[in-house]
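Visitor: The structure's right below; bear with me while I get my questions together.
The values are calculated or read from the model by the stated rules, or taken from the named source; none is laboratory data. Fair warning: this is a prediction, and the values are worked out from it, not measured in the lab. All Cβ positions, glycine included, derive from the backbone under ideal geometry; neighbour counts span all protein chains shown.
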């Protein structure tokens with residue numbers, strides 16, 4: 001069934017008219033209510049204060065403001081009768097506003113008194129919020145006669161909430177400084193630790209420099225005139241890691257253990273090689289028994305009967321100069337070497353490359369060392385040993401930790417020493433060369449003159 005267009009438009013018009021009348025009636029009622037509430041306050045010639053401040057003043061002093069006393073309002077009520085008590089004789093409850101008309105609405109001083117009262121109330125609220133540098137005359141005031149009573153209550157509640165938030169703000173967080181005792185202890189240890197030192201002895205010299213670590217982990221061992229023979233000597237360079245406990249122990253005991261085994265075995269065939277191997281293994285076993293978690297690489301040279309007996313575990317290196325040509329007598333025991341990697345994997349371990357460096361179980365970049373109890377099943381202490389005769393073309397030996405060899409090649413080291421007359425100056429220049437190329441590791445360089453050890 002079709003609906004007539006005129007009837008449809010008429011129905012919409014009636015509905016629109018009813019809605020319009022309802023809105024007008026509601027706005028009229030709200031304006032009457034607000035006008036009735038604001039009639040208790042006569043018009044002020046100056047700018048009107050905010051309705052929230054007026055309501056707060058009429059409700060009485062805030063419990064958190066002891067400076068605004070009830071006597072202020074009572075004194076005003078007794079003089080002009082501007083505040084009325086409820087009919088039952090009780091004081092107005094919180095949120096209620098007295099609707100009593102002022103007795104003398106034509107009194108010109110009446111608005112000024114209310115202005116003074118409001119300024120006092122505003123200053124009190126300013127003090128509560130902590131804004132002590134703001135005066136009452138700087139507080140913005142607006143006419144809020146058209147704001148409903150519920151909105152005014154929300155404004156007042158919001159202001160009180162913000163004041164409470166300001167009062168409950170926690171104290172500023174103060175971060176503790178570094179523990180001064182530990183700092184002093186570190187400073188003392190750094191002062192005791194020599195950053196650079198040099199040693200010059202008969203037929204040998206040494207130069208050493210501490211790297212970026214807090215303590216120097218390089219060590220050395222020297223024993224000359226073995227059994228009263230000036231052509232017998234023992235030299236060692238030690239590079240510690242994970243602390244200097246292992247390096248200290250190896251420096252003190254490796255030479256003694258090897259020489260003791262040499263004396264015990266006498267001149268048996270192959271006795272020197274067996275004595276050196278037994279000396280390394282005994283040193284490792286004795287250090288592990290102490291339960292200290294650190295390790296050390298070592299390279300040693302035993303000069304006896306006109307021969308060189310070279311041994312090493314780890315990456316300390318021994319280089320022999322033959323008529324100006326570098327002859328490397330040791331092999332660095334690194335995980336990247338295929339035979340070392342296979343040995344570790346066949347024994348149940350694994351190797352992992354981190355930042356381009358192969359490491360045992362992702363931690364240690366060498367495959368042989370003394371100590372390292374947590375990896376002892378794969379990090380062995382059995383040295384590789386090499387023997388050669390000291391001939392007239394053998395000039396000197398360069399022994400050093402990896403702090404030098406990581407930046408200086410074997411032939412570069414031999415060339416630099418060959419150009420110098422003084423071995424001690426050569427040691428210093430090798431250290432300086434490695435540092436100039438960015439070496440941050442501990443560097444220890446030892447030079448041995450072989451001219452007096454030929455048979």
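Visitor: Have a look at 439, 418 and point out the one that is part of a loop (DSSP other than H, G, I, E, B) and in contact (Cβ under 8 Å) with a residue 24 or more places away in the chain.
Guide: Details: 418 fails: part of a loop (DSSP other than H, G, I, E, B).
On inspection, the qualifying residue turns out to be 439.
Visitor: What is the residue count in the stretch 421-436 for residues that are surrounded by 15 or more Cβ atoms within 10 Å (Cβ to Cβ) and assigned to a loop (DSSP other than H, G, I, E, B)?
Guide: The number of residues fulfilling the criteria is 0.
Visitor: Kindly indicate the residue of the stretch 219-237 that is surrounded by 20 or more Cβ atoms within 10 Å (Cβ to Cβ) and over 45 Å from the mean Cα position of the chain (by Cα) and also nearest to residue 450 (Cα to Cα) among those meeting that condition.
Guide: Looking at residues that are surrounded by 20 or more Cβ atoms within 10 Å (Cβ to Cβ) and over 45 Å from the mean Cα position of the chain (by Cα), I get 233.
Visitor: Going residue by residue through the stretch 294-317, is there one that turns out to be surrounded by fewer than 16 Cβ atoms within 10 Å (Cβ to Cβ), under 28 Å from residue 405 (Cβ atoms), within 41 Å of the chain's Cα centre (by Cα) and outside the structural domain of residue 449 (by TED's automatic domain parsing)?
Guide: There is no residue in the stretch 294-317 that is surrounded by fewer than 16 Cβ atoms within 10 Å (Cβ to Cβ), under 28 Å from residue 405 (Cβ atoms), within 41 Å of the chain's Cα centre (by Cα) and outside the structural domain of residue 449 (by TED's automatic domain parsing).
Visitor: Further question on the same structure: Could you tell me whether residue 344 is in contact (Cβ under 8 Å) with a residue 40 or more places away in the chain and either surrounded by fewer than 18 Cβ atoms within 10 Å (Cβ to Cβ) or not assigned by TED's automatic domain parsing to the domain that holds residue 449 (or both)? Lay out the reasoning, then the answer.
Guide: Numbers: in contact (Cβ under 8 Å) with a residue 40 or more places away in the chain: no; either surrounded by fewer than 18 Cβ atoms within 10 Å (Cβ to Cβ) or not assigned by TED's automatic domain parsing to the domain that holds residue 449 (or both): yes.
The answer is no for residue 344.
Visitor: Within the stretch 222-243, which residues are in a strand (DSSP E or B) and closer than 19 Å to residue 260 by Cβ? Show your work before the answer.
Guide: Our first condition is that a residue be in a strand (DSSP E or B); within the stretch 222-243, this holds for 222-224, 233-241.
The answer is 222, 223, 224, 233, 234, 235, 236, 238.
Visitor: Scanning for something within 45 Å of the chain's Cα centre (by Cα) and on the phi > 0 side of the Ramachandran plot, does the stretch 241-257 turn up at least one residue?
Guide: Quick first cut of the stretch 241-257, residues within 45 Å of the chain's Cα centre (by Cα) only: 241-257.
Applying the additional criterion that residues be on the phi > 0 side of the Ramachandran plot yields 242-243.
Within the stretch 241-257, one or more residues are within 45 Å of the chain's Cα centre (by Cα) and on the phi > 0 side of the Ramachandran plot.
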